[in-house]
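The values are calculated or read from the model by the stated rules, or taken from the named source; none is laboratory data. Not measured: the values here are computed from a predicted model. Heads up, the Cβs are rebuilt from the backbone with ideal geometry, glycines too, and the neighbour counts pull from every protein chain shown.
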Amino acid sequence: MASAIGGVYAFWQGSFLWGALLFELAFILDCVDGPTARIAKKTSKLGVALEVWTDSIRLIGSMWGLVHGLGGNSTTMLLGMTYSISFGAGVWLYTKSVESAMKGGESINQWISSGPFWKIPTWIELETVGFFILPLIGKPLWGLWTLAIFHPIMTLIMTIHGVITGEE
């Protein structure tokens, strides 16, 4: 969580290189903490709650840090709002998809491995481009545009897929 907050603060201050590096560090730690807790049999409801909070701080916080760091004008505000709304819809869709799979008796690992989106870029790759690669090379505004355009498209694809397949 500290690296996520540090990344948000760096973006907020206009330090896009440090923001990108801390964002990526937070992502790497995010990828390691859950599996490590499961292997060590140290999972808890608090851990799940902290996972959700840390992801939200890292993603939504980084978006608004970029918006502020780029001057907070009407264009960057609109891009931030577009991404934030799409992020909220995506979290809701993801949660509903997992709930639907669990009702059908499918394990989370079966659900993940059978997912239709694993063959195409996912939100994770998009977030890596928007919050890490583009700010790292000095193009944070391109990162905002990339996230604001493609995140809603990917969320719309998930919605259409859910309607076609009948997933809740």
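Within the set of pairs 6 or more residues apart or between chains, which connect a residue that is farther than 24 Å from M77 by Cα inside segment 138-165 to a residue that is not in a helix (DSSP H, G or I) with Cβ atoms less than 9 Å apart?
Pairs that qualify, where the first residue is farther than 24 Å from M77 by Cα and the partner is not in a helix (DSSP H, G or I), are I157/I120; H161/E167; G162/E168.
Can you tell me which residues in segment 51-73 are among the small types (G, A, S), over 19 Å from the mean Cα position of the chain (by Cα) and farther than 12 Å from P135 by Cα?
Selection gives G71, G72.
List every residue pair whose Cβ atoms sit under 7 Å apart, with the two residues 6 or more apart in sequence or on different chains, where the first one lies in segment 11-37 and is free of Cβ contacts under 8 Å to residues at least 24 places away in the same chain and over 16 Å from G143 (Cα atoms) and the second, anywhere, is of a type in the set (G, A, S) and in a helix (DSSP H, G or I).
From residues that are free of Cβ contacts under 8 Å to residues at least 24 places away in the same chain and over 16 Å from G143 (Cα atoms), the pairs are L25/S3; A37/G47.
Could you grab the pairs with beta carbons closer than 6 Å, sequence gap of 6+ or different chains, first residue in segment 72-100 and farther than 16 Å from L141 by Cα, second one at pLDDT below 95 and not in a helix (DSSP H, G or I)?
Correct list of pairs: K96/E168; S97/E167; S100/E167; S100/E168.
Only one of these conditions is not met by F131: (1) surrounded by fewer than 15 Cβ atoms within 10 Å (Cβ to Cβ); (2) over 17 Å from L93 (Cα atoms); (3) at pLDDT 80 or above. Which number is it?
(1)
Collect the residues in segment 65-76 that are of a type in the set (A, V, I, L, M, F, W, C) and in contact with a Gly (Cβ under 6 Å, 6 or more places away or on another chain), keeping them in residue-number order.
V67, the sole residue that qualifies.
Restricting to helices (runs of 4 or more DSSP H) lying wholly in segment 13-96: which have 3 or more residues that are of a type in the set (D, E, K, R)?
16-39, 45-56
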